[in-house]
2 protein chains.
Amino acid sequence: MKARTDTKEKIMELGTDLVESIGYPSLSYQQISSQLGIKNAAVHYHFPSKESLGLEILNTAIGSFEKMISNISSLGLWEQLDTFFKSYRKHLESNNKICLIGASASDYQELPESMQAAASEYLVLVKGWFVELLREGREEGVFHFKGEPKHKAAVIVSALAGGLQHARLVGNLHYDEIVEQLVEDLKP
Amino acid sequence: MKARTDTKEKIMELGTDLVESIGYPSLSYQQISSQLGIKNAAVHYHFPSKESLGLEILNTAIGSFEKMISNISSLGLWEQLDTFFKSYRKHLESNNKICLIGASASDYQELPESMQAAASEYLVLVKGWFVELLREGREEGVFHFKGEPKHKAAVIVSALAGGLQHARLVGNLHYDEIVEQLVEDLKP
DNA sequence: TTGTTTACTTACTTATAAGTAAGTACCTTT
DNA sequence: AAAGGTACTTACTTATAAGTAAGTAAACAA
């Protein structure tokens, strides 16, 4: 059961990068194989279908997110929020990538059903985490906002995802402006 | 100089719908021609290249937006805002489409340069309109918010674009929640 | 009424995509 | 050392994509 190479992991990494930069429909096995110096069929060996690769990319990301929120759960609420903002901003720094949820959402109609379901699950998870963070934060007097935590969470998660995308068109500063405003709006 | 058929307009309409639902890279001339009951080459007659079609779709949308803001410029500021929210929401009602700017942003790396430039121009235009609306609204005591109008505009435009996309994953209510929260946040 | 332009169709080319079947070399286990 | 599995490569198939050249029928202008 021991892996003798790390080709599969390299495919996953590159595949994730490609989905975040050009989108799942534009991703091709040729691109992956040529960049890794292997053959087309080698990719099919590890991921028989493109759907299987796309699905594993999404599920791995869900796992990473769950691990991250668990790791930062003992931090202060402002720090948790900041960690998320910064983890999203990292996408911009390497090749103007966007987040997986946003990429999946904009390509939604072209995704196989299994990936649509995984993407939905991912967003429900992230939005749910924001709802709890905001609810708890307001209860403790850390965050200040009007309306339901669910609605505020919707604004934040969509503004960040949209912000990464829009940053491609008008510059990375756009994302920073969004973060600054969101933070400002949560202060007393 | 008289057009004897309206095929070109039909291609534009369907093309716009397709870009907003499946994205520019996934749009194909075969799809357009089969849905309009014409041949592949007929589409090439009106739009020699896919780029020419994509570019005209963007430029037409820019023209429509300019016309719209001009038409509603005499309305109250809240009404102008509401008009925009509702025009965006219409996308959801027909086949869970997303806005052209968001679609262009998420497919940005796959677009020809001319379309990248047009998409940027479009977003600059829309964001600029929001900046002015917010600046004027605060000056007149109609809108209330902290921070710079430019930053608030960034949040609103990206939350709306991201909201349309996320609505595909978690339901149309998500978009309505965003609008409700944005409105709430602009009240005194 | 003849010639020209408009709006196509027919038939094709070239490129690229996902996916597969069969073969091979190395590694591990027995 | 023999047998089996792992991780590939080679060579292929089928489908679909954008784009083009040449032909055609109807509308229009002279």
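The values are calculated or read from the model by the stated rules, or taken from the named source; none is laboratory data. Values in this document were obtained by computation on a predicted structure and should not be read as measured data. Methodologically, a virtual Cβ is constructed for each residue, glycine included, from the backbone with ideal geometry; neighbour enumeration extends over all protein chains shown. Surface areas here come from the heavy atoms of the whole protein model, side chains and all, with no ligands, DNA or RNA. Shrake-Rupley method; radii C 1.70, N 1.55, O 1.52, S 1.80 Å.
For the reader, a short list of remarks on this structure follows.
- Yes/no for A:D185 being under 24 Å from B:S26 (Cβ atoms) and within 12 Å of chain B (Cβ to nearest Cβ): no
- If you go through the range A:86-117 and keep only what is within 10 Å of another protein chain (Cβ to nearest Cβ) and part of a helix (DSSP H, G or I), you end up with A:I101, A:G102, A:A103, A:S104, A:A105, A:S106, A:Y108, A:Q109, A:E110, A:Q116, A:A117.
- One residue stands out in the range B:1-39 among those that are polar (S, T, N, Q), within 13 Å of DNA strand D (Cβ to nearest atom) and assigned to a helix (DSSP H, G or I): the one that is farthest from the other protein chains (Cβ to nearest Cβ), namely B:S33.
- Scan of the range B:40-82 for residues that are farther than 23 Å from B:D107 by Cβ and not in a helix (DSSP H, G or I), ordered by number: B:I72, B:S73, B:S74, B:L75, B:G76
- Leading residue by the ranking (nearest to the other protein chains (Cβ to nearest Cβ)) among those in the range B:40-61 that are surrounded by 18 or more Cβ atoms within 10 Å (Cβ to Cβ) and away from DNA strand C (no atom under 12 Å from the Cβ): B:L58
- Search result, residues across the range B:118-131 that are within 8 Å of chain A (Cβ to nearest Cβ) and open to solvent by 60 Å² or more (accessible area, probe 1.4 Å): B:V124
- Among the residues here, A:I72 qualifies as of a type in the set (V, I, T) and closer than 30 Å to A:F143 by Cβ.
- Checking each residue in the range A:132-156 for being crowded, with 19+ Cβ neighbours inside 10 Å and among the aliphatic types (A, V, I, L, M) picks out A:L133, A:L134, A:A153, A:A154, A:V155, A:I156.
- Some residue of the range B:161-179 being more than 10 Å from chain A (Cβ to nearest Cβ) and touching a helix residue (DSSP H, G or I) at 6+ places or on another chain (Cβ under 8 Å): yes
- Pairs are defined by a Cβ separation below 7 Å, a sequence spacing of at least 6 or placement on different chains, a first member in the range B:9-33 that is within 11 Å of B:H46 (Cβ to Cβ), and a second member that is of a type in the set (F, W, Y); the pairs so defined are B:I11/B:F47.
- Test: residue in the range B:106-113 that is surrounded by fewer than 17 Cβ atoms within 10 Å (Cβ to Cβ) and of a type in the set (S, T, N, Q): no
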